[in-house]
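What follows is one structure encoded as structure tokens, with my remarks underneath.
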Amino acid sequence: MNRPLPGQAAVTQETLSELHPPYRLLLGPGPCNVDPRVLRAAAAPQLGHLDPFLLDTLGAVAAQLRRVFQTQNELTLCVSGSGFAGAEAVLCNLLEEGDTLIAGSLGFFSGKIAEIAQRIGARVILLESEPGQPLDPQQVAEAFERHPEARLFATAIAETSTGLLQPVEELAQIAHAHEALFVVDAVSGLGGIPIHIDQMQIDACYAGSQKCLGALPGLAPVTLNARAVEVIRRRHRPVQSYYLDLLALQRYWNGDHAYHHTACSNLLLAMHEALRIVLEEGLKARWQRHRLHGEALRAGLQALGLSPLPRPGYELPVLTAVRLPAPVPEEQLRRQLLTAYSIEVGGGLGPLKGQLLRIGLMGYNASRKNVETVLAALEQLLPSFGWPVQAGTALAAAAEIYRGADQVSQQA
């Protein structure tokens, strides 16, 4: 009998057993369930990272991303990693030690911009909004007046920790008036809300694959305009990270395909198929679909007595954040949704922990069926936590939104 070496676990039947993951309806802030077409693409034969077919695929994905980003930027590609890899790539390429960044934090995720910049060695001027509130443009302008040396202003268009959609056009104008680059976090927004990189005068933007784009986790689309690329070219020191060096990645993706790292062909093939689905649907139709189902979900949740966190008019269509009443324990409610209904939703982060439900309707998951599924589950569960609910009210409120949309469509 073979004995395990010191520090080595014994081989048991459990370690040799095949895994059978459960099905989950992923209605949190991401990842989301994906179209079966994407799963089929991900199951294609694996290719080497310098295979001619894969190199052609890189060019195709970059072209698709330019259409989705609504940009002509040459430097448009995917960083291997999550949305935070995209954030680090953009920030560590554009910032050097000692540079000044103005960071507009709307919550947990855009708040990480400041932390990443500090690790780079930049001086961070942090502006924070109240939960569910956009930044005050006047506050941003005053920050630039106090810190004219600031080279970058970075914030988010979509903050998933609070369900906030932030207008960015005026913020871009303020940054450019002070000759600073404007950087936007669109991790949860790209593919689900209107984003026009060139029209909005965004100099650099990063996103994530596993949200509204409907791909698998593991890729972070980024795009930088010529002005931002020139800042990288004029750096005094090399980019701090070899792996996230965007000019080196640009050579691999859109240049002579010089080796940079071992990219995963299956993730890239899945991204290509996900972007094909986005473009087949059409960006305007896709934005409208997310807006409609987000509005129906929000109406249903309000009928249950749950109040949206964001200021009215600034609700993020693809992720709805609602406050939970005091009697309802967030963690237990989420656990019941998962165990009894196989529905995953998000909770509050940071100071909002224990106070919120965050329900995502992104990509393939933005559908009437999923809106009605999660509302019906909440109608069943909330009374068990002492929150009175009249049966059918949430579904009726959502149905009214859909009825109104149908009437508008028929009139058009």
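Each residue of the range 177-191 in order: what ³J(HN,Hα) in whole Hz does its phi give by Karplus 6.51 cos²θ - 1.76 cosθ + 1.60, θ = phi - 60°, with x for Gly and Pro?
5, 9, 6, 10, 6, 10, 10, 10, 8, 10, 4, 8, x, 4, x
Over the range 127-232, what relative contact order in percent results from Cα pairs under 8 Å that are six or more residues apart?
Taking the mean separation of contacting Cα pairs over the length of the range 127-232, I get 20 percent.
Where both partners of a DSSP beta bridge lie in the range 36-279, what percent of those bridges are antiparallel, to the nearest 5?
Beta bridges within the range 36-279, antiparallel portion: roughly 40 percent.
Exposed loop sites here are trypsin sites (Lys or Arg not before Pro) in DSSP loop states with at most 16 other C-beta atoms within 10 Å. What is the longest stretch of the chain lacking them?
Answer from the scan: 25-233.
Quick one: give the max-minus-min coordinate of the C-alpha atoms of the range 36-279 along each principal axis, largest first, in Å.
55, 38, 28 Å, listed from the longest principal axis down.
Of Gln72, Gln46, Gln13, which is the most mobile in a GNM of the chain whose springs link Cα atoms less than 10 angstrom apart?
Result for the chain, Cα springs under 10 Å: Gln13 fluctuates most.
How long is the gain from Val389 to Asn254 if the chain were fully straight, where each residue apart is worth 0.36 nm and the alpha carbon distance is subtracted?
Here the answer is 43.0 nm.
Which whole-number percent is the relative contact order of the range 36-279 (Cα, under 8 Å, 6+ apart)?
31
Could you work out the per residue convex hull volume over the alpha carbons of the chain, in cubic angstrom?
Measuring per residue, one finds 182 Å³ for the Cα hull of the chain.
Which length gain, in nm to one decimal place, applies between Arg146 and Gln410 when the Cα-Cα distance is subtracted from 0.36 nm times their residue separation?
Using 0.36 nm per residue and subtracting the Cα-Cα distance, I get 89.7 nm.
Out of Leu267, Leu213, Leu47, any idea which swings most in a Gaussian network model of the chain, alpha carbons joined below 10 Å?
Leu47
For Leu75, enumerate residues with amide H under 5 Å from its amide H, sequence gap 5+ or separate chain, H modeled in the peptide plane.
Leu224
Please identify, among Trp287, Trp387, Trp253, the residue showing maximal mean-square fluctuation in a Gaussian network model of the chain using a 10 angstrom Cα cutoff.
Trp387
Would you mind classifying the range 81-173 by shape? Square roots of the alpha carbon gyration tensor eigenvalues, ordered a ≥ b ≥ c; an a/c under 1.5 is rounded, otherwise it is prolate if a/b is larger than b/c and oblate if not.
Cα axes put the range 81-173 in the oblate bin.
In sequence order, what are the phi-derived ³J(HN,Hα) couplings for the range 374-390 according to the Karplus relation 6.51 cos²θ - 1.76 cosθ + 1.60 with θ = phi - 60°, rounded to whole Hz, with x for glycine and proline?
6, 5, 4, 5, 5, 4, 6, 8, 4, x, 5, 9, x, 10, x, 9, 8
Can you tell which of Ala154, Ala398, Pro383 lies farthest toward the positive end of the dipole of the chain, using +1 and -1 charges on the Cβ of basic and acidic side chains (Lys, Arg; Asp, Glu)?
Pro383
How large is the convex hull of the Cα atoms of the range 1-158 per residue, expressed in Å³ as a whole number?
Details: hull volume 39.5 nm³, N = 158.
In the range 1-158, the Cα hull volume divided by residue count equals 250 Å³.
Which whole-number percentage describes the relative contact order of the chain, with Cα contacts under 8 Å and a sequence gap of 6 or more? Before the final figure, lay out each step's value.
Numbers: 807 pairs, mean separation 90.7, N = 412.
22 percent.
Whole-Hz Karplus ³J(HN,Hα) for the range 273-280, in order, using 6.51 cos²θ - 1.76 cosθ + 1.60 and θ = phi - 60°, x for Gly and Pro?
Ordered by residue, 3J(HN,Hα) equals 5, 4, 5, 4, 5, 4, 6, 5 Hz.
Using modelled backbone amide H atoms (1.01 Å from N, in-plane), which distant-in-sequence or interchain residues come within less than 5 Å of Leu356's amide H?
Correct list: Leu324, Gly348.
Can you pull the three principal axis extents for the Cα set of the range 166-236, in Å, largest first?
So the extents along the principal axes, rounded to whole Å, are 36, 30, 14.
With r defined as the distance between the Cβ atoms of His20 and His176 and R0 fixed at 56 Å, what FRET efficiency is calculated, to the nearest 0.05?
Taking R0 as 56 Å, the efficiency between His20 and His176 is 0.55.
Each value in this text was obtained by applying a stated rule to the coordinates, not by laboratory testing. Source: prediction; values computed, not measured. Please note: Cβ atoms are built from the backbone with ideal geometry, for glycine as well, and neighbour counts cover all protein chains shown.
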